[in-house]
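Novice: Take this structure first; my questions come after.
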Amino acid sequence: MPINETNGRKYDLDETDLTIMHALQADGRISNVDLAERAGLSPSTTLERVRRLERSGVIKGYTARIDPKALGHEVIVFVQVTMRDHDQATLARFEDAIARHPDVIECHHVAGDYDFLLKVLTRSVDELRKMLVERLSVLPGVGRIHTMLILSTVKQILDVPLREPAAAETGAPK
């Protein structure tokens, strides 16, 4: 299954790579020994495959999933931003400012009625108001801001959809 790497080259994923990626998405803390057992490989071969997937950019990193509410982030909002100016310099300044903004956890440059879609976490509605009025609306080129308060999250998938690997081979580790 060829995919594009971050450097533009193609990388062919085989069934074993898919098995490894499924296991790592399910449990990023799985031991190399357990991962090797699932993949039907020796631990050293499994480690080399994981390192190759990391070097190629297929595996971007590992992280813990933390509940924002457990840390007091009670307000989650999608913010749609319409830019007044669309020249490259203005867009770059806006993107740089957003990249440094601690309340913005996602920023997407989108096509459609709005130019950017942000996902914002704040501790309170008052904190959200301050963020929108004092920090976001004053950024370069911002023309209009539209917010959507998230009342509840029905579905949230963080894993990348992967094709299921073919039936696992049985036998001695490779």
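We did not get these values from a lab; they are worked out from the coordinates using the rules stated. All values derive from a computational prediction rather than experimental measurement. Cβ sites come from the backbone with ideal geometry, for glycine too, and all protein chains shown count toward neighbours.
Novice: Would you mind classifying region 85-161 by shape? Square roots of the alpha carbon gyration tensor eigenvalues, ordered a ≥ b ≥ c; an a/c under 1.5 is rounded, otherwise it is prolate if a/b is larger than b/c and oblate if not.
Specialist: oblate
Novice: If you don't mind, another one. Distance between Cα centroids, region 130-168 to region 110-129: provide it in whole Å.
Specialist: Between the Cα centre of region 130-168 and that of region 110-129, the gap is 8 Å.
Novice: Relative contact order of the chain: what whole-number percent is it, with Cα pairs under 8 angstrom and at least 6 residues apart?
Specialist: 27 percent
Novice: Rank 66, 152, 132 by how far each Cα sits towards the positive end of the charge dipole of the chain (+1 on Lys, Arg Cβ; -1 on Asp, Glu Cβ) and give me just the farthest.
Specialist: 132
Novice: Output the Cα-based Rg and Dmax of the chain in Å, rounding Rg to one decimal and Dmax to a whole number.
Specialist: 21.1, 63
Novice: Here's a follow-up. Compare the peptides 41-54, 63-76 by average per-residue count of other Cβ atoms within 10 angstrom and give them in order, highest first.
Specialist: Taking the mean over residues of other Cβ atoms within 10 Å, the ranking is 41-54, 63-76.
Novice: With runs of 4+ DSSP H residues as the only contributors, calculate the mean residue ellipticity of the chain at 222 nm using -39,500 (n - 2.57) per run, divided by the residue total and rounded to the nearest 500.
Specialist: -9000 deg cm²/dmol
Novice: In debye to the nearest 20, how big a dipole does the chain give about its Cα centre with +1 on each Lys and Arg Cβ and -1 on each Asp and Glu Cβ?
Specialist: Here the size comes out at about 260 debye.
Novice: Now a separate question. As an exercise, use a Förster radius of 41 Å and the Cβ-Cβ distance of residue 137 and residue 159 to find the FRET efficiency, rounded to the nearest 0.05.
Specialist: 0.75
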